[in-house]
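Structure first, commentary second.
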Amino acid sequence: MKTHHGFTLIELMIVLFIVALLAGMIAPRLITFYDSVQAAYERDEVLSHLNELAYQAFQQSRDFTLTTYPSIEKIPLELPAGWQLVAEKPIKFRANGACTGGKITLQYREQLFYLWFEPPFCHLRKSESVSQDHTITILLS
């Protein structure tokens, strides 16, 4: 009696089909996961830049007004590509490091982030909630 070693073509095809099926189900989730991690990193970077605005005004000894980003007025703020900022009303940053405070909306793709600068030193308050329309409210303390 002769024994055969190895796999048949059918067995190899079935294994390749299963591997391809699993890869097809996992790959989109990995891409989505990577995008969400990247967005979270960029959000943290944006929040860090926003927290530094009052200090930047103090350090540069000049006043500036935050209304939108990108902005016509030269302000010491750099946001990653794809991020937009709109202030509900102009927020004035003074050369002494104080500001008038106010509400801003950050947008990245379909996500909206609502932030509040608390006067006079423009601290952001921390609190996060997701509403039914998938908007996120973030207040930092």
> Got at least one residue in the stretch 4-22 being at pLDDT below 90, among the aromatic types (Phe, Trp, Tyr) and over 29 Å from ARG125 (Cβ atoms)?
Replying inline: yes
> If you scan the stretch 63-74, which residues turn out to be over 19 Å from ARG109 (Cα atoms) and loosely packed, with under 14 Cβ neighbours inside 10 Å?
Replying inline: ASP63, ILE72, GLU73, LYS74
>> I need the full set of residues from the stretch 1-41 which are loosely packed, with under 10 Cβ neighbours inside 10 Å and within 30 Å of CYS99 (Cα to Cα), in order please.
In response: none
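Each row is one residue, and each column tells you yes or no for (1) more than 17 Å from the chain's Cα centre (by Cα); (2) under 28 Å from SER36 (Cα atoms); (3) of a type in the set (Gly, Ala, Ser); (4) loosely packed, with under 13 Cβ neighbours inside 10 Å.
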| position | (1), (2), (3), (4) |
| --- | --- |
| LEU53 | yes, yes, no, no |
| GLN59 | yes, no, no, yes |
| LEU106 | no, yes, no, no |
| PRO119 | yes, no, no, no |
>> Can you tell me which residue is nearest to PRO119 (Cα to Cα) among those in the stretch 53-74 that are among the charged types (D, E, K, R) and either in contact with a strand residue (DSSP E or B) (Cβ under 8 Å, 6 or more places away or on another chain) or free of Cβ contacts under 8 Å to residues at least 24 places away in the same chain (or both)?
In response: ASP63
>> Looking at (1) within 15 Å of TYR108 (Cβ to Cβ); (2) surrounded by 12 or more Cβ atoms within 10 Å (Cβ to Cβ), which one does ASP44 not meet, given that it meets all the others?
In response: (2)
>> Suppose the filter is exposed (fewer than 14 other Cβ atoms within 10 Å of the Cβ), in contact with a helix residue (DSSP H, G or I) (Cβ under 7 Å, 6 or more places away or on another chain) and closer than 21 Å to TYR41 by Cα; does GLU110 pass it?
In response: no
> For residues in the stretch 73-94 being over 18 Å from ASN51 (Cβ atoms) and of a type in the set (A, V, I, L, M), which is farthest from the chain's Cα centre (by Cα)?
Replying inline: VAL86
>> Take PRO80 and tell me if it is modelled with pLDDT of 85 or more and touching an Asp or Glu at 6+ places or on another chain (Cβ under 9 Å).
In response: yes
> Name the pairs: first residue in the stretch 75-89 and in a loop (DSSP other than H, G, I, E, B) and surrounded by 13 or more Cβ atoms within 10 Å (Cβ to Cβ), second residue at pLDDT 90 or above and of a type in the set (Gly, Ala, Ser), Cβ to Cβ under 8 Å, at least 6 apart or on different chains?
Replying inline: PRO76/ALA57
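The values are calculated or read from the model by the stated rules, or taken from the named source; none is laboratory data. Quick caveat, the model's predicted, so the values are computed rather than measured. Cβ: placed from backbone, ideal geometry, glycine included. Neighbour counts: every protein chain shown.
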